[in-house]
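The structure appears right after this line, and notes come after that.
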Amino acid sequence: MKFTVDQIAQLIQGTVDGDGSASISTFNKIEEGKTGSISFLANPKYESYLYQSEATAIIVAADLVLKEKPLATLIKVKDPYSAFTLLLQKYQEFTSVKEIGIQQPSYLAEDAKTGLNLYLGQFSSIGKGSTIGKDTYIAAHVTIGNKVSIGDNCVIYPGVVIYNDTVIGNNCTIHANAVIGSDGFGFAPQADGTFSTIPQLGNVVIEDGVSIGANATIDRATMGSTLIKKGVKIDNLVQIAHNVEVGANTAIAAQTGVSGSTKIGQNCLIGGQVGVAGHISIANKTIVTAQSGVTKTVRKEGQILGGTPASPNSEYLKRNALLRQLPDLLKRLES
Amino acid sequence: MKFTVDQIAQLIQGTVDGDGSASISTFNKIEEGKTGSISFLANPKYESYLYQSEATAIIVAADLVLKEKPLATLIKVKDPYSAFTLLLQKYQEFTSVKEIGIQQPSYLAEDAKTGLNLYLGQFSSIGKGSTIGKDTYIAAHVTIGNKVSIGDNCVIYPGVVIYNDTVIGNNCTIHANAVIGSDGFGFAPQADGTFSTIPQLGNVVIEDGVSIGANATIDRATMGSTLIKKGVKIDNLVQIAHNVEVGANTAIAAQTGVSGSTKIGQNCLIGGQVGVAGHISIANKTIVTAQSGVTKTVRKEGQILGGTPASPNSEYLKRNALLRQLPDLLKRLES
Amino acid sequence: MKFTVDQIAQLIQGTVDGDGSASISTFNKIEEGKTGSISFLANPKYESYLYQSEATAIIVAADLVLKEKPLATLIKVKDPYSAFTLLLQKYQEFTSVKEIGIQQPSYLAEDAKTGLNLYLGQFSSIGKGSTIGKDTYIAAHVTIGNKVSIGDNCVIYPGVVIYNDTVIGNNCTIHANAVIGSDGFGFAPQADGTFSTIPQLGNVVIEDGVSIGANATIDRATMGSTLIKKGVKIDNLVQIAHNVEVGANTAIAAQTGVSGSTKIGQNCLIGGQVGVAGHISIANKTIVTAQSGVTKTVRKEGQILGGTPASPNSEYLKRNALLRQLPDLLKRLES
């Protein structure tokens, strides 16, 4: 699939500086640009590559002041990163062919209801009383339990397991081998040191536009619902425990764990390998840096938190700096 | 399914204060109680909800002194949490219908032995020389290797992979996509910088009453067995390395990793995201708080440990407090 | 399968001290040695077991000075650990029977190309335009997407999901439920607080001799390739983000996460539960201790790093020691 620089400029509403008739057939990072590829410059850190890149075209900011003349044709736009993202999205739309139809062997319970244009891959199963919306793609080797509801235009990748009673909205993506609706870790300690299992009778509810990463796990509620609100993005290997609520448009990076009954606000950014304690809440727009441990309720919105136990990140960084100077400080004080 | 308050009180050996003929059809948390639901109060922190809750019945401690008159009928018991757990368990028993039978397509090796009342889901496979006990439920998409032994009354959820030679006792639960018996991470460094693979010839042995979480991994032993003793509860995404032994009735929370050849005692509680070094042992009844790193053998029983490297948690907390005061302390000392 | 001590000594080029005609049928750790088993002594810490072990034969260093006479026959070699590893490898070669053939039901796309001696397990699928080399073993329940290339002599365990466009070399092992080629976590924040999904159009390239652990996840590149170079060993539950490059013969222990676009050098050893920030590089032969967080580019080769943010491990240990003494130090200074 080939486009001219002019065609691309029109698509992303940019102006061309150079040869608009040049032909583009692929994408590249600016430092790896080759003839026939288009790239972009958003981070000033990479500006030096602009002048050396062999890419045929590079998307740049309209207000960029050039230090020398690049080899490439430029497409000038307001926001190069957004423009490039848009270009990738359009490319994906043009090139992806959505398959439909039910492959065999597969298992579809007699009373399951499926919408128009369903794709159901080989060796996948949909249990009793489940409902799947239209335009939804269920890859091979997916297990969907009983009384599950999945909305329209979702993509469920291979190996995903969705337990009974789970509810999933529209436009959701679930990556391979993620598990939705497994039992919460509920065990009541007994006098003799053994544990009694607390039945987990609730479910998981996932709203519209949610993305869940590979091998992530989201446990069902003991009672009620574990709730992932609209637009939430969850990365690979994340653990969401029973009865957690994650607010709209919050993003959670890989390998983070959220303990039971905790409520995370909306528009939060939680870094990778973060631990969040149980039965607390985190205010909207909180940013938690990677590997931190949030142990207490965060009431004030919009803070950046770091360290374990998490505190405002600036304090955490100060303490870390001080800690590095400590040997010298103590020597000086003792002398 | 409906019960009267009186029927429930009889089941959990409680006494009724209010309308014993009221009808109950569901469960709820005390703060979300609605007409027709039963709830419980165990944590005094939630007592204020007792007086506002619209639940039809609430289970409370017999010795609770009421500050005002609740709207709900009360059921008074010695231990509300245990009583409520029992109620959930009875409800699950009444409502769950255990399916039996071998679904098709599935694969059962000719020489595999299976007990009475087996359920084997679609697309599941049981390898050569394997033995499955009675009343065991193997969901769809489960892979059981060769010479595996699984006891009675187990539940194996979809996508679980059990490698050759694994031994699993009775009454075990293994959640979706967990992997049991994968090769230990054994590589001998060579003079030229490459690694030589050390064959992993041992297996995994899981005793009775063990629960294993979704996407957890338990590696086989290099020689001998990785051993998970009776009643152990392992949460989602936990890693148990080769030749580890976990003592009876120990619970390990999500995303914790235990390195090779380490021996954890019985009745321990290991928090989430904890790391345990290899070739050490941890005494019985040790509690390790979340995100800690245990780097050395713990000989004294019953300690609470925190931090990395883990020390008695009270010392860890003191150090943390001191660290927070450090900027001020140093200023004072320097002045 | 039985061998004499003499036969084993010949295989590992050792000399026998004791009864060379004794019969060996199994392996054991030195502390668990029993009649008929062979063991080894490499770590001086375990020397006391040498004199008590009931193993029939023990492999020891040729230069070991005995404190007393062991019960076992000794096989003296230059490097007992390597010799024992070799023995395990030979044993595995002798005893493992490699199955071949395509089991049913399974799915092999019409235009997929497969080499000699393929094993394809039940319920496994190989997508359109994919190519599998010779002597490769694909277990049951494996999903291989479209346009995937897998080399010769690989072993893919059950439940593995390999997304479209992935390239895997020869002699690779991928353990159960690992996911290769899932979308990178790419979301562009929008002015209204929602995220726009950045299409992930690249792939994953895995070179020869790589081993990947159970439930590990390796994301495809946004553009270009996420690259795992030859001889890399990746443990269970590791996360490798989009556009990461891992250098040859680097080993990464369980539950470690590497963020997007980071480049790890060759011959590095990364401990368990380590976090590595995005867009940085780590020099060759770097060792990172468990639970550390590497936040900045590491330029100097061959360092041992520890802590978060990671610094030379000796400094980290000193700071930790000082921190433990801090309460006393401050008391002394204040008095």
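Filtering the stretch A:91-103 to residues that are facing chain C (nearest Cβ under 9 Å) and either buried (at least 18 other Cβ atoms within 10 Å of the Cβ) or modelled with pLDDT of 90 or more (or both) leaves A:TYR91, A:GLN103. Scanning the stretch B:218-235 for residues that are more than 13 Å from chain C (Cβ to nearest Cβ), assigned to a strand (DSSP E or B) and within 26 Å of C:PHE27 (Cα to Cα) yields one hit, B:ILE228. Whether a residue is out of contact with any Cys (no Cβ under 6 Å at 6 or more places or on another chain), within 12 Å of another protein chain (Cβ to nearest Cβ), surrounded by fewer than 21 Cβ atoms within 10 Å (Cβ to Cβ) and among the aliphatic types (A, V, I, L, M) was assessed, and B:VAL142 does not pass this test. For B:ASN215, state whether it is closer than 28 Å to C:PHE123 by Cα and more than 9 Å from every other protein chain (Cβ to nearest Cβ). No.
Here's the yes/no breakdown for (1) over 19 Å from the mean Cα position of the chain (by Cα); (2) surrounded by fewer than 22 Cβ atoms within 10 Å (Cβ to Cβ); (3) not basic (Lys, Arg):
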| site | (1), (2), (3) |
| --- | --- |
| C:VAL148 | yes, no, yes |
| C:GLY169 | no, yes, yes |
| C:LEU201 | yes, yes, yes |
| C:ASN215 | no, no, yes |
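May I ask you to verify whether B:VAL160 is open to solvent by 20 Å² or more (accessible area, probe 1.4 Å), under 26 Å from the mean Cα position of the chain (by Cα) and among the β-branched types (Val, Ile, Thr)? It is false that B:VAL160 is open to solvent by 20 Å² or more (accessible area, probe 1.4 Å), under 26 Å from the mean Cα position of the chain (by Cα) and among the β-branched types (Val, Ile, Thr).
Scanning the stretch B:119-132 for residues that are in a loop (DSSP other than H, G, I, E, B) and surrounded by fewer than 19 Cβ atoms within 10 Å (Cβ to Cβ) yields B:LYS128, B:GLY129. Filtering the stretch A:30-60 to residues that are of a type outside the set (Asp, Glu), open to solvent by less than 70 Å² (accessible area, probe 1.4 Å) and part of a helix (DSSP H, G or I) leaves A:ILE30, A:TYR46, A:SER48, A:LEU50, A:TYR51. Counting residues in the stretch B:178-197 that are part of a loop (DSSP other than H, G, I, E, B) and within 14 Å of chain A (Cβ to nearest Cβ) gives one or more. On the stretch given as the stretch B:1-29, residues that are free of Cβ contacts under 8 Å to residues at least 24 places away in the same chain, over 29 Å from the mean Cα position of the chain (by Cα) and not in a helix (DSSP H, G or I) total 4. Checking each residue in the stretch A:124-143 for being within 25 Å of the chain's Cα centre (by Cα), aliphatic (A, V, I, L, M) and under 15 Å from B:GLY121 (Cβ atoms) picks out only A:VAL142.
For the stretch B:217-230, a residue qualifies if it is open to solvent by 10 Å² or more (accessible area, probe 1.4 Å), modelled with pLDDT of 95 or more and small (Gly, Ala, Ser), and exactly one does: B:SER225. For A:ALA57, the conditions (1) among the small types (Gly, Ala, Ser); (2) within 12 Å of chain C (Cβ to nearest Cβ); (3) in contact (Cβ under 8 Å) with a residue 40 or more places away in the chain are fulfilled apart from (2). Is it the case that the stretch A:186-193 has a residue that's of a type in the set (D, E, K, R) and free of Cβ contacts under 8 Å to residues at least 12 places away in the same chain? Within the stretch A:186-193 (the criterion being of a type in the set (D, E, K, R) and free of Cβ contacts under 8 Å to residues at least 12 places away in the same chain), the answer is yes, since at least one residue qualifies.
Quick grid of which residues meet (1) within 14 Å of chain A (Cβ to nearest Cβ); (2) under 20 Å from A:GLN291 (Cα atoms); (3) open to solvent by less than 40 Å² (accessible area, probe 1.4 Å):
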residue: B:GLY275; (1), (2), (3): yes, yes, yes
residue: B:ILE282; (1), (2), (3): no, no, yes
residue: B:THR286; (1), (2), (3): yes, no, yes
residue: B:GLY302; (1), (2), (3): yes, no, no
residue: B:GLY306; (1), (2), (3): yes, yes, yes
residue: B:ALA310; (1), (2), (3): yes, yes, yes
residue: B:ARG324; (1), (2), (3): yes, yes, no
residue: B:ASP328; (1), (2), (3): yes, no, no
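Output yes when any residue across the stretch C:73-87 is surrounded by fewer than 16 Cβ atoms within 10 Å (Cβ to Cβ) and more than 11 Å from every other protein chain (Cβ to nearest Cβ), and no when none is. Yes: one or more hits. Inspection of the stretch A:148-166 identifies no residue that is assigned to a strand (DSSP E or B), in contact with a helix residue (DSSP H, G or I) (Cβ under 6 Å, 6 or more places away or on another chain) and among the small types (Gly, Ala, Ser).
Within 12 Å of chain A (Cβ to nearest Cβ) and among the β-branched types (Val, Ile, Thr), is that true of C:VAL294?
Yes.
The values are calculated or read from the model by the stated rules, or taken from the named source; none is laboratory data. Note that the coordinates shown come from a computational prediction; the quantities given were computed from them, not determined experimentally. FYI the Cβ positions are ideal-geometry reconstructions off the backbone, even for glycines, and counts take in every protein chain you see. In case anyone asks, the SASA skips ligands and DNA or RNA and just uses the protein heavy atoms, side chains included. Shrake-Rupley method; radii C 1.70, N 1.55, O 1.52, S 1.80 Å.
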